[in-house]
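In what follows, a structure is listed as structure tokens, so that the remarks can point back to it.
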């Protein structure tokens, strides 16, 4: 089953400079493009616009990110790093 792009979803980048890395969707541009950030190289205030075809949707949506975005319209870079780190640990990477 295909996971839908949504704010807070963790994605694996399969194309481009950040290939192989993980990021979190922090914005939806349209049905083809989303904004992603990882809190490190791609910070919240400089998100990367990515074609959803270049991303592998992971089965994980971070409620910390979704709640933060809903409440304040933003999320800290530290929180993004934490969420990705936690996910990578669970995956055993």
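The values are calculated or read from the model by the stated rules, or taken from the named source; none is laboratory data. Nothing here was measured: the structure is a model prediction, and the numbers come from that model. Here Cβ is always computed from backbone atoms with ideal geometry, including for glycine, and neighbour counts include all displayed protein chains.
The rows are residues; the columns are (1) loosely packed, with under 15 Cβ neighbours inside 10 Å; (2) more than 10 Å from the chain's Cα centre (by Cα); (3) closer than 14 Å to residue 8 by Cα.
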| site | (1), (2), (3) |
| --- | --- |
| 41 | yes, yes, no |
| 53 | yes, yes, no |
| 59 | yes, yes, yes |
| 64 | no, yes, yes |
| 69 | no, yes, yes |
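Cβ-Cβ below 9 Å, separation at least six or inter-chain, first residue in region 2-20 and at pLDDT below 95, second surrounded by 11 or more Cβ atoms within 10 Å (Cβ to Cβ) and in a loop (DSSP other than H, G, I, E, B): which pairs?
Cβ pairs passing all conditions: 17/41; 18/38; 18/41; 18/42.
Being under 20 Å from residue 73 (Cα atoms) and either within 8 Å of the chain's Cα centre (by Cα) or not in a loop (DSSP other than H, G, I, E, B) (or both) is the filter here, so list the residues in region 12-30 that pass it.
23, 24, 25, 26, 27, 28
Look at region 71-84 and say how many of its residues are surrounded by 13 or more Cβ atoms within 10 Å (Cβ to Cβ) and over 11 Å from the mean Cα position of the chain (by Cα).
The qualifying residues number 5.
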